[in-house]
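Right, one structure below, let's go through it.
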Amino acid sequence: MPSPCPGATGMPTPTPAPAAAAGTDSGADAAPLPPPLPPPTPPVWLFGYGSLIWRPAIAHTATFDGYIAPFRRAFYQASTDHRGTPDAPGRVVTIISPPAGGPPVRDDDPTWRVYGRAFRLPDASAAAILSDVDVREQGGYRRTTVAVHPVGGGPPLTDVVCYVGEEANPMWRGRDAAERDEAAIATIIDTAVGPSGANDEYLERLHDALDGLGGDPHVASLVAHLHRRRAARAAGLEGGGGGAPSPVAVANGAAPPGKQHRH
């Protein structure tokens, strides 16, 4: 992958971007949303940690792989417009911050890194592209900026645009242990389908894309739950290998026990 350094030539030298006001593990009330960002000034970079990695569908002139910190990727965002419907929401990724009041996270702690891909947008069309991405990510996501650390080392690239679903947004599904339960999330993903396709495709393609970036334990765990459900279903066990979905899973769009998978 090209180094970000050539693409960053001519960039202003602002202070490192503040951490995105993402969701947290704490369960505490979310802070008010900050005001919208000003129009971007070229060169503009966009960081993807979900479907943007494997389906960017945007014009770009350069890319590099990197990570943002201290964050974790989490399937805590309901999707009613892409991988689910209002009646049966799917689950997609956002990023979460360390718990408020917890111990500080070390800079070299690999468990609080979210790996993804940064895309440099064409200067002439960057604003229009971000407007299109605003529509793509309108289901509870907010545009913010982050610092992206290149996988190969070197100084981080700052003021990189990133979309985050925060606790305050109505699609947030990380409020309690039931909503965060990985088996329940996998149940939702196993059955949800939306205008952009099946929710399980989103999970598995993200998992495959992250394989070259060291993987992600949360994503890998969800894939393992999904495969266990499929194996149990293939063996004729009603409910997909885990009995009836939890009430939270049903509320989020999971199928009742015994419903056959779409495949």
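Remarks
- Placing pseudo-labels 7 Å out from each Cα toward the beta carbon at Asp134 and Arg175 gives an inter-label distance of 2.8 nm.
- Pair Thr85, Ala220: separation of 7 Å Cα→Cβ label points (nm): 3.6
- Restricting the trypsin sites (Lys or Arg not before Pro) of segment 76-142 to loop positions (DSSP other than H, G, I, E, B) with no more than 13 neighbouring Cβ atoms within 10 Å leaves Arg106.
- Taking a ≥ b ≥ c as the square roots of the eigenvalues of the alpha carbon gyration tensor, segment 111-181 is oblate, as a/c is not under 1.5 and a/b does not beat b/c.
- Dipole magnitude for segment 116-159: computed about the Cα centre from +1 point charges on Lys and Arg Cβ and -1 point charges on Asp and Glu Cβ, it is near 140 debye.
Every number in this text was worked out from the coordinates using simple rules, so none of it is lab data. The model shown is predicted, which means the values in this text are computed figures rather than measured ones. So basically every Cβ, Gly included, is an ideal-geometry build from the backbone, and we count neighbours across all protein chains shown.
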